[in-house]
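A short write-up of the structure that comes next.
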Amino acid sequence: MRTWISQCVKMHTKCKRVVRNKLPARLIDVSPFINSKDVKIVDSDAGESIAQYVTLSHCWGPPSKHPLTTTKSTLRERKERIKFEDLPLTFKDAVRICRDLDQKYLWIDSLCIVQDDEIDWEEQAKMMGSIYGGSLVTLAALSSSDSKQGCRIHMKEDKLKYKLKYGPGYQDFNFGSQRVRIFTDEPGRWPKIYGDNPFKDSGGYGDEPLRTRAWTLQERELSLRSIHFADTDILWECRTMRGSSEVPWQEVMHYYEEARFAPLKLHSGESLSPDGLVFQRDRWYDIIEDYSSRSLTKESDKLPALAGLAAKFRGEQAGGMYLGGIWSHHLPSALLWRTITRSLYARQPPLPRRPKQYRAPSWSWASIDGQISYNSQRIEDTDFYSEGGRSEITTIHCEFAPHFDLFIAPPDSALRVRGLIRRLKLSLEPTDNGEDSHLQLVAGDDGQKIGKFYPDIASEMQSKQYIFCLSVRAEPHISPVKFSFGESLEASAQALIMGLALLRLGISDTYKRVGLVRELKKSAFNGTKLVDLKII
Ligand SMILES: [Zn+2]
C-alpha cells in the first residue's frame, strides 16, 4: 500500500490535485495519546496545521448495526477521547492502517459529521467533492456490509481452502535487483474482482456490499486514490493505474473498454476526443446507470447522495444547468432513459417504483427508484460512430430551471417542448422479449404494430389503452436494440423514431412521462403538426 501511494504521489501526473481543497470541518486524530490506542475528534481549524488526511468509504448497514456516530450531545465527549475498543471493526482497521501509513488524520462520515445537526449535515454533504477529492487516499471496505466487518478480505471458505492448499497462485523469484513473478494460476482481473462489467443491464455491477449503496458511488468517483478491500483481494485504483496484491502494477485505466457499446454522436460536428462532449455525456449516463442500481435508506437522499459528483461534473464541463439529475445541454437526448426490469445473467433488479413523496418531475430518472439504462444513447459498433439523426424537437426549455439546485428539483417543474405528438393504442398484454417482460407494443389506426413501449412503472399502465408519443429523435443506424418489424436496415435507418410516452393530464397541454418509445415508424407522425406542450 505504501509503495502504491508513494509511486502515485511522486510519479503520476494525472493524479495531482488541481486546487488545494478546503479541509473537512472535523477529522479524527488517530494518535493523540502516548501509550494509548484511543483516538479523538479535532476541529480542522483548531490551530494545528493539517497537511493531509485519509478518508473511509463504508456501508452503514441496517439500523441495528449502524456504526458509532457523533451527535450534538456526544460531540464534546468525542473531542476528548474515543476509546479504541468502542470503535467498530471497520473503524479500528482504518485507524490501524492510517498509523501504519504514518498518517495522523482520518475522516469518517458517521463520526466527523454531526448526524442530528441538519445544517452541519447539509454543509458537509455539499463538500463531499473536496472531502474525498482532497484526501490522500480512500480506504474502501468493499466487501463489508456493515461497520463491524472490517477493512479486510472476506474470502469464502472454499476459496480460502484452495489458496491454503495450493498457495497464492504465484511465486516470486529474485534475480539481483530484478524480481520475477511466475503465475501458477491465471491472476484475477481487476474489473472482475471489483465487479466492473461493461454490460450493466446484465447485472454487471457485482455483489460487493459497498457497490450496492448509493452514497458510496461518489466516494469512489471523487477520490484521487482508493484502496478497495474486496472479497478476494486488495485493489488499488487511482486516475492512472489499477493494481491488486497479485498484480500490483496491473493495468493502465481505460474508461471505455473494448467490450462496451460506443456512445452515440448526435450530429456530425461532435468531436470524439476523450474530453469532448460525446464522451462527457456518456460518462454522465454511465454514472446515472451505476447510481440507479444502488439503494438508499432514505428515499429523499436520491439527489443529495449524487450532489458531490454533480458539482464535480459541472466544474469539468462548459455550460449546462443541472435539472434534477439531467443536464440542460444534454437535452433532449437525456430524456431517453428507460427502467430495467430484468437482468439476463445476474440477480434480478427490484421492480422500479415511485418514491412515497415527490422528488423530481416525471421526465427525470430521479423521479423513480429502480435501475435506469441509457442504452438508447449508445451503438453497438465501436468503429462506426453512428449519428442519432436529427432531433425532432424544435425547442425545449425548463420553466423553473433557476429553482433547481444540487439537492432539489422543485415540484411541477415543467419542461416546455415544441414537437410532434401522436396518440397511439397500446397492446393490452405485455410482450416478453427476453430483456424486458413489461414491453408493450403500440399500434397505428389500422391496428398494425408500429413500435415498442417500455413503461417506466408497468403497474401504472394496467388500465391504460392509449399513450401519447412525443417524437424526440431518429433511431441510430446501428443500435444495440435490434429492429424487429421486418424492415431491412437501409429502409429502417432514419425511418424509426425514439420518443417519450406521455399521459395527458385532463384536457390541458400538460403531460406526464410514463415511459420510452423506441423503433416507432416515423410515418406515424404523418399529418401531425408541431405543438407546444408541458411535461411535468
Ligand atoms: Zn496515480
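Matching residues to (1) among the hydroxyl-bearing types (Ser, Thr, Tyr); (2) under 23 Å from SER293 (Cβ atoms); (3) within 15 Å of the ligand (Cβ to nearest atom); (4) buried (at least 21 other Cβ atoms within 10 Å of the Cβ):
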| position | (1), (2), (3), (4) |
| --- | --- |
| ARG211 | no, yes, no, yes |
| GLN218 | no, yes, no, yes |
| LEU224 | no, no, yes, yes |
| ASP231 | no, yes, no, no |
| TRP236 | no, no, yes, yes |
| MET241 | no, no, yes, yes |
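Tell me, please, whether a residue that is at pLDDT below 90 and either out of contact with any helix residue (DSSP H, G or I) (no Cβ under 6 Å at 6 or more places or on another chain) or aromatic (Phe, Trp, Tyr) (or both) can be found in region 20-27.
yes
Determine, yes or no, whether LYS156 is exposed (fewer than 15 other Cβ atoms within 10 Å of the Cβ), charged (D, E, K, R), at pLDDT below 80 and over 27 Å from ILE5 (Cβ atoms).
Judged against the criteria, LYS156 is a match.
Do we find that LEU68 is at pLDDT 95 or above and not small (Gly, Ala, Ser) in this structure?
Criteria not met by LEU68.
Would you mind stating whether PHE33 is crowded, with 19+ Cβ neighbours inside 10 Å, away from the ligand (no atom under 16 Å from the Cβ) and either under 26 Å from the mean Cα position of the chain (by Cα) or free of Cβ contacts under 8 Å to residues at least 60 places away in the same chain (or both)?
no
Six or more apart or on different chains, Cβ under 6 Å: which pairs go from a residue in region 233-248 that's in a loop (DSSP other than H, G, I, E, B) to one that's within 10 Å of the ligand (Cβ to nearest atom)? Could you list them?
ARG239/LYS14; ARG239/CYS15; THR240/HIS12; THR240/LYS14; THR240/CYS15
For region 51-75, give me the residue count where each residue is under 19 Å from VAL137 (Cα atoms), touching a residue at least 12 places away in the same chain (Cβ under 8 Å) and either touching a helix residue (DSSP H, G or I) at 6+ places or on another chain (Cβ under 6 Å) or surrounded by fewer than 16 Cβ atoms within 10 Å (Cβ to Cβ) (or both).
Residues that pass the stated criteria total 7.
If CYS15 meets every condition in (1) touching a residue at least 60 places away in the same chain (Cβ under 8 Å); (2) within 16 Å of the ligand (Cβ to nearest atom); (3) surrounded by 18 or more Cβ atoms within 10 Å (Cβ to Cβ) apart from one, which number is that one?
(3)
Please verify whether ALA25 is over 26 Å from LEU235 (Cβ atoms), small (Gly, Ala, Ser) and either surrounded by 12 or more Cβ atoms within 10 Å (Cβ to Cβ) or within 16 Å of the ligand (Cβ to nearest atom) (or both), treating the condition exactly as stated.
Considered against the rule, which asks whether it is over 26 Å from LEU235 (Cβ atoms), small (Gly, Ala, Ser) and either surrounded by 12 or more Cβ atoms within 10 Å (Cβ to Cβ) or within 16 Å of the ligand (Cβ to nearest atom) (or both), ALA25 comes out as yes.
Take PHE91 and decide whether it is aromatic (Phe, Trp, Tyr) and under 12 Å from LYS37 (Cα atoms).
no
The values are calculated or read from the model by the stated rules, or taken from the named source; none is laboratory data. Model, not experiment: these values are computed from the prediction. All Cβ positions, glycine included, derive from the backbone under ideal geometry; neighbour counts span all protein chains shown.
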